[in-house]
Structures are given as C-alpha cells and as structure tokens.
Amino acid sequence: MFEYLNDPEKTAAARNEIGWTTVGDLGYLDEDGYLYLSDRRADLILSGGVNIYPRESEDVLVVHPKVADAAVFGIPHDELGEVVHAVVQPAPGVQSGSALEEELLAFLRAKLSTYKCPRRIDFVDELPRHATGKLYKRLLRDRYSQKMVS
C-alpha cells in the first residue's frame with residue numbers, strides 16, 4: 001500500500017475505483033510493448049481545452065547551446081485557463097535578455113507546434129533543484145500562480 005505522509009485526502013485521490021494507486025505518471029506503450037513516460041499529470045498544462053505536455057518544450061530548450069537548464073509550466077490565463085511559460089537558466093557566459101528570449105522562442109517554434117511553445121521566457125541564475133537533481137517545478141509554478149496573463 002502506498003500513502004502520502006500526513007495527507008489521507010491525497011492518498012485517497014491517488015487510488016482508482018478498483019483500488020489501484022497512481023502517482024500521476026503519464027506515458028504510452030509503443031507497438032513493441034515498450035513503455036515511454038511522457039510527463040506527470042500534475043505538470044500537464046490545459047490551455048483552451050488542449051492538453052500540453054511541458055516536457056516536449058523542455059526537451060527542445062535544453063539542447064540549445066545557450067541553455068543550461070529549463071523548466072516549462074502553465075501559468076493562469078483569464079480566457080484559456082493556462083498558457084505555456086518557460087524559465088531558463090542560460091549557459092555559462094550567455095547574457096539573458098530579450099534577444100535571447102526571441103532566439104529561444106524562434107528555436108522552439110521551428111521544432112514544435114505554436115500552441116506548445118511558451119508565450120514568454122524568464123531567466124534565472126539557477127533553477128531550484130533538490131540535491132538529487134529533481135527540479136522543484138512547484139516552486140516556480142507558485143511564484144507565477146498569481147500572475148494572470150491576457
């Protein structure tokens with residue numbers, strides 16, 4: 001049995017009608033039966049009724065030579081529910097700013113559908129990570145959760 005520490009409501013929400021537990025991983029099986037994990041349900045962005053998996057944008061951003069690290073998540077939007085937003089840690093020696101933002105947005109648009117691309121990119125010196133390397137995306141989401149974009 002799996003339980004969240006001191007959170008019986010979250011534990012109950014993680015169980016389906018037949019008693020199976022899920023921790024929110026999303027994935028698919030290919031034709032050969034291999035399992036691919038795409039993202040986590042908690043990170044899914046719902047924008048105008050469309051499901052957007054932030055991992056797709058993150059995977060594109062982190063291969064750009066001017067990017068050291070990236071996080072993509074949904075932020076509130078008054079009409080669409082959420083829109084895609086990115087926070088990027090530039091590579092060492094790279095100057096952040098509007099020129100880099102435009103370069104990265106153009107890079108993303110060349111590789112992904114427009115609706116999967118962030119509307120804006122903010123820059124930080126370092127993304128919040130646990131000592132194990134796990135990204136604390138919740139901390140970023142919380143920082144932007146009050147910002148409503150039109």
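The values are calculated or read from the model by the stated rules, or taken from the named source; none is laboratory data. Everything quoted here is computed from the prediction, not taken from an experiment. Cβ sites come from the backbone with ideal geometry, for glycine too, and all protein chains shown count toward neighbours.
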- [ ] Scan segment 21-43 for residues that are of a type in the set (A, V, I, L, M), part of a strand (DSSP E or B) and either without any contact (Cβ under 8 Å) to a residue 24 or more places away in the chain or closer than 28 Å to A91 by Cβ (or both) and report the count.
- [x] 3
Task: Test result for R143, surrounded by 13 or more Cβ atoms within 10 Å (Cβ to Cβ), more than 12 Å from the chain's Cα centre (by Cα), modelled with pLDDT under 95 and not in a strand (DSSP E or B) - done: yes
TODO: Could you please find all residues in segment 110-139 being among the small types (G, A, S) and at pLDDT below 95?
DONE: A131, G133
TODO: Considering only residues that are farther than 16 Å from A70 by Cα and small (G, A, S), look in segment 107-136 and name the one that is surrounded by the most Cβ atoms within 10 Å (Cβ to Cβ).
DONE: S113
Task: Residue selected from segment 50-83 under the condition within 18 Å of D142 (Cα to Cα) and small (G, A, S), by the criterion modelled with the lowest pLDDT - done: G81
TODO: Determine whether L5 is modelled with pLDDT of 85 or more, in contact with a Gly (Cβ under 9 Å, 6 or more places away or on another chain) and either among the hydroxyl-bearing types (S, T, Y) or not assigned by TED's automatic domain parsing to the domain that holds V124 (or both).
DONE: no
TODO: Could you name every one of the strands (runs of 3 or more DSSP E) located completely within segment 44-131 that has at least 1 residues being in contact with a Lys or Arg (Cβ under 8 Å, 6 or more places away or on another chain) and not β-branched (V, I, T)?
DONE: 67-77, 81-90
- [ ] Select from segment 6-20 the residues that are acidic (D, E) and in a loop (DSSP other than H, G, I, E, B) and write down the one among them that is farthest from N51 (Cα to Cα).
- [x] D7
